[in-house]
Amino acid sequence: MDLKPLKIGDLVAKIPVIQGGMGVGISLSGLAGAVALEGGVGVISTAQIGFRYPTFDLDPIGTNLRAISDEIKKAREIAAGGIIGVNIMVATQKYEEYVKAAVAAGVDLIISGAGLPMNLPELVKNSKTKIAPIVSSVKSAQLIIRYWLKKYDRLPDLVVIEGPEAGGHLGFSYEQLADLKALDYDKEIHAIVEHVKQCACERQTEIPVVAAGGIYTREDAERMAALGADGVQMATRFVTTYECDAPMSYKQAYIDARKEDITLVKSPVGMPGRAIRNAFLEKAEKEPVPHGKCHLCVSTCKPNETPYCITDALVNAAKGDIDNALLFCGTNACRAEKLEHVHDIMQEFA
């Protein structure tokens, strides 16, 4: 089956692959720029993006806002005209400021989930930046589209369906994730695609739909295309690339992971997630892990009650301190056997 270019308004990705945003510090300008250069959509995660800056401890939000601009600029230099996006979680503290910083930096696309991005159209008004909500159900897609039309007379430029096999924080209950077969998620994907396409048709326009979660090979992409998707979003596959911004020890954890090492976790920010079982998770399950100053990551975290600081755990991962880190991953992390180049992965989907 041929995979057609992904058209997002006036943006065209010749290979219909969006590289999923991975924070903290796993998908920055290096990976995003490389994917965009090869004809896909490269995505920078804004989650605690400024963690390496010396001002991060004193002013985490201000530092992150500066880093957003810096990383977009660096990604553009690598991408040579390719499409650069950012992933901004709705749950991010000062979410509106993050969106405005990305728009000011001239980003092509904002992908937004971990909550419903109800006011996103207002935040990108009078800019060329495209907007894409992440949804996991027909209900959430209906709610967002209906609200955007009523309040802003605006449709999404793209819709990302994030399924239950994705990594990181997930838009499903812990119980749903524990029994993936019972979800029968292909039916949900088809239903979301049908609803989005109907809404687009009524407005005589087109809204591409991209499927995410458990995508690893071209065969997976072709299966999503058969369900009506216009493209796919992949994250886990790109972790074990030479170009990924993660340290080698993080990549090696994926290469070493077995299927039984991939587990569901109850994140301290109130959402279930998927990660590689390691010494840190085993310790955190037994007793609270001490943490220092709050770095103002997400609005759902309660610093005085959290069993561990998710910023600390994810920053440790990005710095290579694997035994003291939360290693988010998708269900397919165990399929990684070696390092690859982004070019070779993208050619598989060309």
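Each row is one residue, and each column tells you yes or no for (1) of a type in the set (F, W, Y); (2) farther than 24 Å from Q48 by Cα; (3) surrounded by 21 or more Cβ atoms within 10 Å (Cβ to Cβ).
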{"residue": "D256", "(1), (2), (3)": "no, yes, no"}
{"residue": "L264", "(1), (2), (3)": "no, no, no"}
{"residue": "G273", "(1), (2), (3)": "no, no, yes"}
{"residue": "P303", "(1), (2), (3)": "no, no, no"}
{"residue": "N332", "(1), (2), (3)": "no, yes, yes"}
{"residue": "R335", "(1), (2), (3)": "no, yes, no"}
{"residue": "K338", "(1), (2), (3)": "no, yes, no"}
{"residue": "I345", "(1), (2), (3)": "no, yes, yes"}
Q) Is it fair to say I72 is touching a helix residue (DSSP H, G or I) at 6+ places or on another chain (Cβ under 8 Å) and either in the same structural domain as A235 (by TED's automatic domain parsing) or not β-branched (V, I, T) (or both)? A) yes
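Looking only at the range 39-55, which residues are assigned to a loop (DSSP other than H, G, I, E, B) and farther than 11 Å from I18 by Cα?
Listed by number, the residues that qualify are T46, A47, Q48, I49, G50, F51, R52, Y53, P54, T55.
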Q: Looking only at the range 234-244, decide whether some residue is polar (S, T, N, Q), in the same structural domain as G40 (by TED's automatic domain parsing) and more than 17 Å from A166 (Cα to Cα).
A: yes
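What do you reckon, is K100 in the same structural domain as V43 (by TED's automatic domain parsing), in a helix (DSSP H, G or I), surrounded by fewer than 22 Cβ atoms within 10 Å (Cβ to Cβ) and out of contact with any strand residue (DSSP E or B) (no Cβ under 6 Å at 6 or more places or on another chain)?
So K100 passes the test.
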(Q) Conditions first: (1) touching a Gly at 6+ places or on another chain (Cβ under 7 Å); (2) modelled with pLDDT of 95 or more; (3) of a type outside the set (A, V, I, L, M, F, W, C). S267 passes all but one, so which condition is the exception? (A) (2)
Q. Out of the range 74-97, which residues are buried (at least 21 other Cβ atoms within 10 Å of the Cβ) and not hydrophobic (A, V, I, L, M, F, W, C)?
A. R76, G82, G85, N87, T92, Y95
Q: Under 8 Å between Cβ atoms, at least 6 apart or on separate chains: pull out the pairs that start in the range 91-118 with a residue that is within 14 Å of V298 (Cβ to Cβ) and end on any residue that is of a type in the set (F, W, Y) and crowded, with 17+ Cβ neighbours inside 10 Å.
A: T92/Y98
Q. From the residues in the range 51-73 that are under 23 Å from I131 (Cβ atoms) and either in contact with a Leu (Cβ under 9 Å, 6 or more places away or on another chain) or not charged (D, E, K, R) (or both), which one is surrounded by the most Cβ atoms within 10 Å (Cβ to Cβ)?
A. E71
**Q.** Number of positions in the range 29-69 that are of a type in the set (S, T, Y) and under 30 Å from V209 (Cα atoms)
**A.** 4
Q: List every residue pair whose Cβ atoms lie under 7 Å apart, where the two residues are 6 or more positions apart in sequence or sit on different chains, the first residue falls within the range 184-209 and is more than 22 Å from I15 (Cα to Cα), and the second residue, located anywhere, is among the polar types (S, T, N, Q).
A: E188/S137; H195/Q142
Q.
of a type in the set (S, T, Y), closer than 25 Å to A32 by Cβ and over 18 Å from the mean Cα position of the chain (by Cα): is that true of S112 in this structure?
A. no
Q) Can you pull out the helices (runs of 4 or more DSSP H) entirely within the range 246-350 that have at least 2 residues that are touching a Cys at 6+ places or on another chain (Cβ under 7 Å) and farther than 19 Å from P164 by Cβ? A) 248-256, 310-319
Q: Kindly list, by first and then second residue, each pair from a residue in the range 141-165 that is farther than 26 Å from G330 by Cα to a residue that is of a type in the set (D, E), limited to pairs with Cβ atoms under 7 Å and residues at least 6 apart or on different chains.
A: Y152/E122
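Residues are listed down the side, and each one gets a yes or a no for (1) within 30 Å of D344 (Cβ to Cβ); (2) of a type in the set (A, V, I, L, M, F, W, C); (3) modelled with pLDDT of 95 or more; (4) surrounded by fewer than 22 Cβ atoms within 10 Å (Cβ to Cβ):
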{"site": "G163", "(1), (2), (3), (4)": "yes, no, yes, no"}
{"site": "A178", "(1), (2), (3), (4)": "no, yes, no, yes"}
{"site": "D184", "(1), (2), (3), (4)": "no, no, no, yes"}
{"site": "A200", "(1), (2), (3), (4)": "no, yes, yes, yes"}
{"site": "T205", "(1), (2), (3), (4)": "no, no, yes, yes"}
{"site": "A211", "(1), (2), (3), (4)": "yes, yes, yes, no"}
{"site": "M224", "(1), (2), (3), (4)": "yes, yes, yes, no"}
{"site": "A229", "(1), (2), (3), (4)": "yes, yes, yes, no"}
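The values are calculated or read from the model by the stated rules, or taken from the named source; none is laboratory data. Nothing here was measured: the structure is a model prediction, and the numbers come from that model. Please note: Cβ atoms are built from the backbone with ideal geometry, for glycine as well, and neighbour counts cover all protein chains shown.
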